[in-house]
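Asks: The structure follows.
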Amino acid sequence: MQDNYRHQGMRKRLIAEIERKGIHHPKVLEVMSKIPRHFFMDRGFEDWAYKDVAFPIGEEQTISQPYTVAYQTQLLEIQPKDRILEIGTGSGYQAAVLFDMGAKVYTIERQEKLFVRTEALLKRLGYGRIRTFLGDGFAGLQRFAPFDKILLTAAPEGIPGALLDQLDNNGILVTPIGETGKTQQMVRVTKVNGSFEMEKLDYFQFVPMLKGVQR
């Protein structure tokens, strides 16, 4: 895999574009400017890697739009060594961004073929310390809870109770919520002394969050 001057130039233009759209967190912009997004996509689609669009990665899943990745990451307010649970590993790109932000990342994928492929890719790219799991995101990872932050990269119709239970006090959960096939609203939930404070934010379009494991 190569990350040449052309790739770096396209990435620089992409970061400038998402900054124009309202992403101003310096660490988010710095991290995303250094990660070769084309490494997380099939060869032959390198130009698409640096367009601000989502793109199919197989198994009816997509690699999220770069702006969406930046938007969700910014909302998490990541601190060094935060324990973050990601629901929906997908291509592994978002997990890599979280890791390079300084977090300890635990990520769950329900599609076995995608899980196997992405787990191998992350190790090959030097992200072996990201802990990957094949499982049902609705159940979370109780044995590793509580988490400082929880990020959902697929849209449930409502926030799974198990994930709220696994959020530490003063923790933040970020997820889109809404019906399949429609736009979904991004929400940020903060746990304060056992209660949950919800902020309703902008609208996006995500793949639906599904139960179970697809083998």
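Asks: Got a sec? Which of 120, 139, 145 is surrounded by fewer than 20 Cβ atoms within 10 Å (Cβ to Cβ) and free of Cβ contacts under 8 Å to residues at least 12 places away in the same chain?
Replies: Sole residue among the options that is surrounded by fewer than 20 Cβ atoms within 10 Å (Cβ to Cβ) and free of Cβ contacts under 8 Å to residues at least 12 places away in the same chain: 120.
Asks: Looking for whichever is of a type in the set (D, E, K, R) and over 29 Å from residue 202 (Cα atoms) here; the options are 179, 119. Which one fits?
Replies: 119
Asks: With respect to residue 213, determine if the residue is surrounded by 13 or more Cβ atoms within 10 Å (Cβ to Cβ), touching a residue at least 40 places away in the same chain (Cβ under 8 Å) and over 14 Å from the mean Cα position of the chain (by Cα).
Replies: Against the criterion (surrounded by 13 or more Cβ atoms within 10 Å (Cβ to Cβ), touching a residue at least 40 places away in the same chain (Cβ under 8 Å) and over 14 Å from the mean Cα position of the chain (by Cα)), residue 213 qualifies.
Asks: Hey, any hits in the stretch 111-124 for a residue that's closer than 26 Å to residue 1 by Cβ and not in a helix (DSSP H, G or I)?
Replies: For the stretch 111-124, residues closer than 26 Å to residue 1 by Cβ and not in a helix (DSSP H, G or I): present.
Asks: Return yes or no: is residue 78 at pLDDT 95 or above, touching a helix residue (DSSP H, G or I) at 6+ places or on another chain (Cβ under 8 Å), at negative phi and outside any helix (DSSP H, G or I)?
Replies: Yes: the conditions hold for residue 78.
Asks: In addition: Taking the condition under 19 Å from residue 175 (Cα atoms) and either over 16 Å from the mean Cα position of the chain (by Cα) or of a type outside the set (Gly, Ala, Ser) (or both), does residue 99 pass?
Replies: Here the answer is yes, as residue 99 does meet what is asked.
Asks: If you don't mind, there's one more thing I want to ask. Name the residue that is modelled with the lowest pLDDT, counting only residues in the stretch 8-47 that are within 19 Å of residue 121 (Cα to Cα) and more than 17 Å from the chain's Cα centre (by Cα).
Replies: Only one residue fits best here, namely 44.
Asks: Restricting to the stretch 167-180, name every residue that is within 20 Å of the chain's Cα centre (by Cα) and either assigned to a strand (DSSP E or B) or not polar (S, T, N, Q) (or both).
Replies: 167, 168, 171, 172, 173, 174, 175, 176, 177, 178, 179
Asks: Additional query: Which residue out of 97, 105 is crowded, with 16+ Cβ neighbours inside 10 Å, in contact (Cβ under 8 Å) with a residue 12 or more places away in the chain, at negative phi and part of a helix (DSSP H, G or I)?
Replies: After applying the criteria, what remains is 97.
Asks: Within the stretch 1-21, count every residue that is of a type in the set (A, V, I, L, M), surrounded by fewer than 11 Cβ atoms within 10 Å (Cβ to Cβ) and part of a helix (DSSP H, G or I).
Replies: Total meeting the criteria: 0.
Asks: Just to be sure before I move on: is residue 68 under 15 Å from the mean Cα position of the chain (by Cα), part of a helix (DSSP H, G or I) and surrounded by 14 or more Cβ atoms within 10 Å (Cβ to Cβ) in the structure I sent?
Replies: Yes; evaluated as a whole, the condition is true for this residue.
Asks: Quick check, is residue 180 modelled with pLDDT under 95 and not aliphatic (A, V, I, L, M)?
Replies: So residue 180 fits the description; yes.
The values are calculated or read from the model by the stated rules, or taken from the named source; none is laboratory data. Predicted model only: the values in this text are computed from it and were never measured. Reconstructed Cβ throughout: ideal geometry from the backbone, glycine too, with neighbour counts over all protein chains shown.
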